[in-house]
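Worksheet for the structure shown next.
The values are calculated or read from the model by the stated rules, or taken from the named source; none is laboratory data. In this text the structure is predicted, and so the values were computed from the model without any measurement. For neighbour counting, all protein chains shown are included, and Cβ atoms are generated from backbone atoms with ideal geometry for every residue, glycine included.
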Amino acid sequence: MRADRTTSGARGRALRVGLISALVPLSLTLVQCGKAPNPAALAANSQANVQVVAKTNQQVASGDTFEDRFPTPQFGERFPSASESFLQRQMSDFSPKRAVQQPPAETAPYKVASLEPQVPYKRSPRDDLTTLVSMKSSAFPYFGNNPASDAPFLNIAKGDRRGHRSYSGRVFWQDETYNDSRVLMHVPEHFDVRKPGVIVVFFHGNGATLERDVRDRQLVPKQITDSGANAVLLAPQMAVDAADSSAGKFWQPGGFKRFMAESADHLARVTGDPNSARAFANMPIVIVGYSGGFLPTAWSLEVGGISDRVRGVVLLDAVYGEMDKFASWIESHRSGFFVSAYTRHTARRDRELMSMLRQKGVSVAEDMDGPLRPGSVVFVETGDGITHRDYVTRAWTRDPLKDVLVKMSATPALALTRVAATSSAASSR
């Protein structure tokens, strides 16, 4: 019995030692879980993570560059193809808004490349209409001669591509630079075709597009609306975003006349009154040429075929040549007005043109303080700080096109109605 008790006691002690040996490591582990991580261990783990992240970033960077995320816009993205459409935009879309406004459900898109654009089924008479319409008589495409050299305008070829080598030696390709036949049309909400009115034709300068520059940066449609004048706008696309002043179809005898005749039909359609085509076809015209727009302006006056309908010419830092054509029109059309505002870039030629006119006995004013009357010839020099790039929105005053139309409207002899009731609405835009 004594031996049995001794054996049983030994077994109990062994069992207790085994339990203690198993529980001690477990308790130490549980205690460790409640403590802060060892700093050395953290540093080692952090270094390992940095190496992994660096390796991952190198792999990502190789396929996610700035160019990958922000690709350069291509020509096709700015100018839709014949199978695509350009959504009609209203000038209210570009005005500050407190809330996002959805376009009316009945608004229909225009086909960009179609010569017979779709017209919205309904349009509220309270909305401005700004749209792009493709026209056969617009400046480009053009496959005729350059009258300066009497040689083909497209004077270079590369395979199937044809292009024009400019005076600077740079080559512009027909399919990229001279293939856009669209015209920006703008009809203010207050326009009334039954009243005396005017068509403003705007020839943009070099390096421009209708949407990015004429509409959004130079704000030409907005200036037309804000003037309160009974006026509509036509702005043909010239050379697309290129340092080129080529006049295209406006070089041709009668080219400007054909352009205005086709425009009358399109304006009648987009305003929803096909019977108004005759009114548009007889409406007086004001031509505005900015910078490189001097060339199509001069040739439209010289050979366009309807110079008698031109009631006024406005040049914005644009007398780079063709002074004889401008002087001839001024001398023979004393019922219209002529305005040329200029910076130092064109000062020499503007002064030369003033001298030519004075020698012909034409009176010349050198400020825009007074109203515009039939026969007014005005040259305005703008000082330092007025940049050529911003000249369409800031010349002798802010919004110079608006100022011209307001002064023109104040003269009944120029047969242009200014809608006084819209002045408050225009100023709030």
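For residue 151, state whether it is farther than 29 Å from residue 403 by Cβ, in contact with a strand residue (DSSP E or B) (Cβ under 9 Å, 6 or more places away or on another chain) and among the aliphatic types (A, V, I, L, M). So residue 151 fits the description; yes.
Select from the stretch 140-163 the residues that are out of contact with any Asp or Glu (no Cβ under 9 Å at 6 or more places or on another chain) and either closer than 30 Å to residue 190 by Cβ or not in a loop (DSSP other than H, G, I, E, B) (or both) and list them in ascending order. 145, 146, 151, 152, 156, 157, 158, listed by residue number. Checking 339, 362 one by one, the residue that is closer than 17 Å to residue 325 by Cα, free of Cβ contacts under 8 Å to residues at least 60 places away in the same chain and either out of contact with any Ser or Thr (no Cβ under 6 Å at 6 or more places or on another chain) or not charged (D, E, K, R) (or both) is 362 and no other. Would you confirm whether or not the stretch 211-224 contains a residue that is more than 22 Å from residue 388 (Cβ to Cβ), surrounded by fewer than 23 Cβ atoms within 10 Å (Cβ to Cβ) and of a type in the set (Asp, Glu)? Among the residues of the stretch 211-224, not one is more than 22 Å from residue 388 (Cβ to Cβ), surrounded by fewer than 23 Cβ atoms within 10 Å (Cβ to Cβ) and of a type in the set (Asp, Glu), which makes the answer no. Scanning the stretch 244-251 turns up at least one residue that is under 21 Å from residue 209 (Cβ atoms) and either surrounded by fewer than 21 Cβ atoms within 10 Å (Cβ to Cβ) or without any contact (Cβ under 8 Å) to a residue 12 or more places away in the chain (or both).
Within the stretch 164-197, which residues are in a strand (DSSP E or B) and either in contact (Cβ under 8 Å) with a residue 12 or more places away in the chain or under 25 Å from residue 408 (Cα atoms) (or both)? Write out each step before concluding.
Quick first cut of the stretch 164-197, residues in a strand (DSSP E or B) only: 164-165, 171-173, 182-187.
Passing the criteria: 164, 171, 172, 173, 182, 183, 184, 185, 186, 187.
Checked against (1) buried (at least 18 other Cβ atoms within 10 Å of the Cβ); (2) charged (D, E, K, R); (3) over 22 Å from residue 296 (Cβ atoms), residue 194 passes all but a single condition, namely (1).
Confirm whether residue 334 is over 25 Å from residue 237 (Cβ atoms) and either touching a Pro at 6+ places or on another chain (Cβ under 9 Å) or assigned to a loop (DSSP other than H, G, I, E, B) (or both). For residue 334, the condition - over 25 Å from residue 237 (Cβ atoms) and either touching a Pro at 6+ places or on another chain (Cβ under 9 Å) or assigned to a loop (DSSP other than H, G, I, E, B) (or both) - is met. Considering the conditions (1) assigned by TED's automatic domain parsing to the domain that holds residue 297; (2) modelled with pLDDT of 95 or more, residue 172 is excluded by exactly one of them, (1).
One residue stands out in the stretch 304-343 among those that are closer than 17 Å to residue 399 by Cα and of a type outside the set (A, V, I, L, M, F, W, C): the one that is surrounded by the fewest Cβ atoms within 10 Å (Cβ to Cβ), namely 343. When the stretch 364-399 is filtered for residues that are under 18 Å from residue 202 (Cα atoms) and assigned to a loop (DSSP other than H, G, I, E, B), the ones remaining, listed by number, are 388, 389, 390, 391, 392, 393, 395, 399.
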